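J.: Handing you this structure, nothing more for now.
Taken together, the values in this text are just the output of simple stated rules run on the coordinates, not laboratory data. On a predicted model such as this, the values are computed, not experimentally measured, just so you know. Neighbour counts run over all protein chains shown; Cβ positions are idealised from the backbone, glycine included.
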Amino acid sequence: MSTDSSAKASAKPAADAATSLKDRGNLFEIATKQIDKAIKLVNLDPDIAQILAQPKNELIVNFPVRMDNGKISMFKGYRVQHNNILGPYKGGMRYHHEANLDEMKALASWMTFKSALHEIPFGGGKGGVKVDPRQHSKSELERITRRFTAALGSNIGPEFDIPAPDVNTNAQTMVWMMDTYMNIVGAGDRNSVRGVVTGKSVTAGGSHGRAEATGAGVVHCITEWAKDKGFNLDGCHVIIQGFGNVGSYTARLLSQKGAVIIGVGDVGGYIANPEGINPHKLGEHVSKNGTVAGYKGAAKIGRDEFFGLEADIFVPAALELEVGVKEANALKVKMMVEGANGPTYPEAEDILLAKGVDVIPDILCNSGGVIVSYYEWLQNKRSEQWETADVLGRLEKRMKQTYQQVRQYATAKKCDWRTASYAIGLERLQACYKERGIFP
């Protein structure tokens with residue numbers, strides 16, 4: 001499966017590739033710390049802050065699946081529904097052996113603010129299964145997915161909660177979820193519920209342009225930044241951590257603009273070539289081998305060496321909390337654009353900003369996926385199929401509009417871009433709560 005779970009080494013000072021996610025700190029507490037800065041900036045109503053502080057629903061399901069050898073294994077699944085004041089819950093489903101509730105709570109809250117920032121009529125959700133997909137066959141993964149979907153039952157739906165692909169899941173996973181849900185709701189409603197998930201294959205009702213959407217959104221932010229700074233992307237040096245969907249498409253699209261990818265890393269290791277790494281050939285290698293390690297077009301380097309490479313742009317596109325104090329001190333770049341969700345510790349961001357590094361936050365720049373998911377959902381509701389150019393054109397327009405809004409807000413309020421992004425989302429959520437009130 002194509003994933004962005006490409007670097008599991010700790011982002012804390014004693015970085016070690018074997019360090020597990022649970023040792024990195026509580027992701028929900030870190031997310032709360034980030035959001036609190038924006039809450040103070042906008043002087044958010046305490047009642048609304050209290051509502052947004054915790055998810056509306058936290059679902060945990062335990063379900064049995066028959067393995068290929070005939071034996072039964074139990075799996076734990078999650079779905080956290082943070083907020084739906086602006087629209088149906090929306091967010092990815094990840095398959096990871098260290099999936100946990102606090103991680104899902106953080107990611108679900110980020111989705112709420114991401115949708116609000118981009119004025120998409122969705123709320124925030126996140127979920128997944130505690131499983132290492134590398135340890136299972138395709139048929140076992142299908143049964144895990146179908147059984148998980150059945151266990152969730154009416155807790156998802158095209159007008160209530162809409163899953164999408166995430167770490168270690170893809171279009172095939174979404175098609176299995178959709179088909180299972182279709183068979184649960186009954187024959188008469190089968191074709192009216194295609195929008196229960198997004199990120200499906202085009203054949204099964206997905207949208208053209210969805211695969212490259214997140215990477216394209218990252219690149220739109222980079223091109224806008226370059227325009228603002230008078231920076232020439234042609235010939236600039238880029239390093240990318242994570243070479244799944246987001247990292248690989250970002251690399252391909254940047255290379256089309258003349259950028260040179262000089263370093264790449266993932267869970268298998270790190271590679272570098274000062275003359276440039278061909279993203280298409282590297283993508284073929286990763287598809288075949290599951291990692292960038294062993295790619296003949298670049299030399300093997302260590303994690304510390306990777307973060308110390310002389311480059312202009314750094315794109316963390318792996319898992320959360322990869323960039324800690326040690327990495328921030330080592331980086332020699334002009335900008336960091338977060339392709340992954342929550343890759344940066346707050347302390348590390350402070351160091352980068354003090355060094356004059358421009359940090360474009362995740363809820364702004366990696367939103368291409370949820371934006372095109374919204375377009376896919378609309379196409380399903382209308383029984384339409386938009387052309388690729390139309391989808392990507394709409395995506396570009398929305399990404400650039402939001403970029404300009406955040407830039408203007410950050411300048412006016414004299415704050416960092418992450419705080420500005422959250423503040424814009426918070427103001428929109430607060431306006432909606434003020435108008436609607438609390439029932440009853």
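J.: Around Gly294, with a cut-off of 13 angstrom between Cβ atoms, what is the net charge of the other residues, counting Lys and Arg +1 and Asp and Glu -1? Could the numbers behind the result be given before it?
T.: Details: positive: Lys281, Lys288, Lys296, Lys300; negative: Asp266, Glu284.
That works out to +2.
J.: Could you give each residue of the stretch 121-133 its phi-based ³J(HN,Hα) in whole Hz, using Karplus coefficients 6.51, -1.76, 1.60 with θ = phi - 60°, and x for Gly or Pro?
T.: x, 10, x, x, x, 6, x, x, 10, 7, 7, 9, x
J.: How much length is gained on full extension from Val185 to Phe231, taking 0.36 nm per residue of separation minus their Cα-Cα distance? Walk me through the numbers on the way to the answer.
T.: Values: separation 46, 0.36 × 46 = 16.56 nm, distance 5.32 nm.
Stretched fully, the Val185-Phe231 segment lengthens by 11.2 nm.
J.: Next question. Report Rg (one decimal) and Dmax (nearest whole number) for the stretch 134-293, counting Cα atoms only, units Å.
T.: In Å, with Rg to one decimal and Dmax whole: 19.1, 59.
J.: Would you order Met182, Met399, Met335 from fewest to most other beta-carbon atoms within 10 Å of each residue's own beta-carbon?
T.: On the way: Met182 17, Met399 25, Met335 21.
Result, fewest neighbours first: Met182, Met335, Met399.
J.: Gln34: net charge of surrounding residues, Cβ under 11 Å, Lys/Arg +1, Asp/Glu -1, itself excluded? Intermediate values should be presented prior to the final figure.
T.: Working: positive: Lys33, Lys37, Arg418; negative: Glu29, Asp36, Glu349, Asp362, Asp416.
Neighbour charge sum, excluding Gln34 itself: -2.
J.: Please report the spacing between the Cα centers of the stretch 366-412 and the stretch 259-279 in Å, no decimals.
T.: A separation of 29 Å, based on Cα centres.
J.: Tell me, how many Å apart are the Cα centres for the stretch 85-164 and for the stretch 331-347?
T.: 24
J.: On average, how much area does the Cα convex hull of the chain cover when viewed from any direction, in nm²?
T.: Working: hull surface 82.2 nm².
Reported value for the Cα convex hull: 20.5 nm².
J.: Continuing with this model, one more query. Using only the Cα atoms of the stretch 52-195, what semi-axes does the equivalent ellipsoid have when each is the square root of 5 times a gyration tensor eigenvalue? Give whole Å, largest first. Let's see the in-between values first.
T.: On the way: eigenvalues 123, 67, 29 Å².
Over the Cα atoms of the stretch 52-195, the semi-axes work out to 25, 18, 12 Å.
J.: Just going by the charge dipole of the chain, with Lys and Arg at +1 and Asp and Glu at -1 on Cβ, which of Phe63, Gly125, Pro46 is farthest out on the positive end?
T.: Phe63
J.: Go through the stretch 377-424 and name the GluC sites (Glu not before Pro) that are in a DSSP coil and have 12 or fewer other Cβ atoms within 10 Å of their Cβ. Don't jump to the answer; show the numbers that get you there.
T.: Working: sites: Glu384, Glu387, Glu396; in loops: Glu384, Glu387.
The qualifying sites are Glu384, Glu387.
J.: With +1 on each Lys and Arg Cβ and -1 on each Asp and Glu Cβ, how big is the dipole of the chain about its Cα centre, in debye rounded to the nearest 20? Please report the intermediate quantities before stating the final value.
T.: Values: 53 positive and 49 negative charges, 120 e Å.
Dipole about the Cα centre, nearest 20: 580 debye.
J.: Turning to a different aspect of this structure: So for each of 431-437, 270-276, 145-151, 309-315 I average, over its residues, the number of other beta carbons within 10 Å; can you give me the resulting order with the highest mean first? Before the final figure, lay out each step's value.
T.: Working: 431-437: 10.6, 270-276: 18.0, 145-151: 20.7, 309-315: 23.1.
By packing density, highest mean first, the sequence is 309-315, 145-151, 270-276, 431-437.
J.: Right, another one. When the Karplus curve 6.51 cos²θ - 1.76 cosθ + 1.60 is applied with θ = phi - 60°, which whole-Hz ³J(HN,Hα) does each residue of the stretch 291-297 get, with x for Gly and Pro?
T.: Working through the residues one at a time gives 7, 6, 4, x, 5, 6, x Hz.
J.: Taking the Cα centre as origin and putting +1 on Lys and Arg beta-carbons and -1 on Asp and Glu beta-carbons, what dipole magnitude results for the stretch 52-195, to the nearest 20 debye? Please list the in-between numbers first.
T.: Values: 18 positive and 14 negative charges, 52 e Å.
The dipole magnitude comes to about 260 debye.
J.: Now for a separate question. Give me, ordered by chain and number, the residues 5 or more places off Arg94 or on other chains with an amide H under 5 Å from its own placed amide H.
T.: Gly127, Gly128, Val129
J.: Give Lys257/Lys397; Lys227/Lys414; Lys76/Lys126; Lys326/Lys400; Lys105/Lys229 a once-over and call out the pairs whose C-alpha atoms are over 24 Å from each other.
T.: On the way: Lys257/Lys397 18 Å; Lys227/Lys414 21 Å; Lys76/Lys126 14 Å; Lys326/Lys400 32 Å; Lys105/Lys229 36 Å.
The pairs that break the limit, which is 24 Å between Cα atoms, are Lys326/Lys400; Lys105/Lys229.
J.: Which residue, Trp417, Asn84, Met174, has the largest displacement toward the positive end of the dipole of the chain when charges sit on each Cβ (Lys, Arg +1; Asp, Glu -1)?
T.: Looking along the dipole axis, the top candidate is Met174.
J.: Before rounding to the nearest 500, sum -39500 (n - 2.57) across all DSSP H runs of length at least 4 in the chain and divide by the residue total; then give [θ] at 222 nm in deg cm²/dmol. Provide the component values of the computation, followed by the final result.
T.: Working: 15 runs with 195 residues, N = 440.
Here the helix-only value at 222 nm equals -14000 deg cm²/dmol.
J.: Lone cysteines in the chain, going by a 4.7 Å Cβ-Cβ cut-off?
T.: Unpaired cysteines in the chain: Cys236, Cys415, Cys432.
J.: Further question: Counting DSSP beta bridges with both partners in the chain, what percentage is antiparallel, nearest 5?
T.: Numbers: 24 of 49 bridges.
About 50 percent, rounded to the nearest 5.
J.: With an 8 Å Cα cut-off and a minimum separation of 6 or more residues, compute the relative contact order for the stretch 52-195 in percent.
T.: Numbers: 288 pairs, mean separation 36.4, N = 144.
With pairs under 8 Å counted, the relative contact order is 25 percent.
J.: Evaluate the distance, in nm, between pseudo-label points positioned 7 Å from the Cα of Asn57 and of Gln404 along their respective Cα→Cβ axes.
T.: 3.9
J.: Now for a different question. Looking at the stretch 127-191, which GluC sites (Glu not before Pro) are DSSP coil and have at most 12 other C-beta atoms within 10 Å of their C-beta? Please report the intermediate quantities before stating the final value.
T.: Details: sites: Glu140, Glu142, Glu159; in loops: Glu159.
Of the GluC sites (Glu not before Pro), the ones in loops of the stretch 127-191 whose Cβ has at most 12 other Cβ atoms within 10 Å are Glu159.
J.: Amide H to amide H, which residues 5 or more places from Ala340 or on other chains are under 5 Å from it, using H placed in the peptide plane?
T.: The answer is Ala317, Ala318.
J.: May I ask which residue of Ser73, Ala164, His96 lies farthest towards the positive end of the charge dipole of the stretch 52-195, with charges of +1 (Lys, Arg) and -1 (Asp, Glu) on Cβ and the Cα centre as origin?
T.: It is Ser73.
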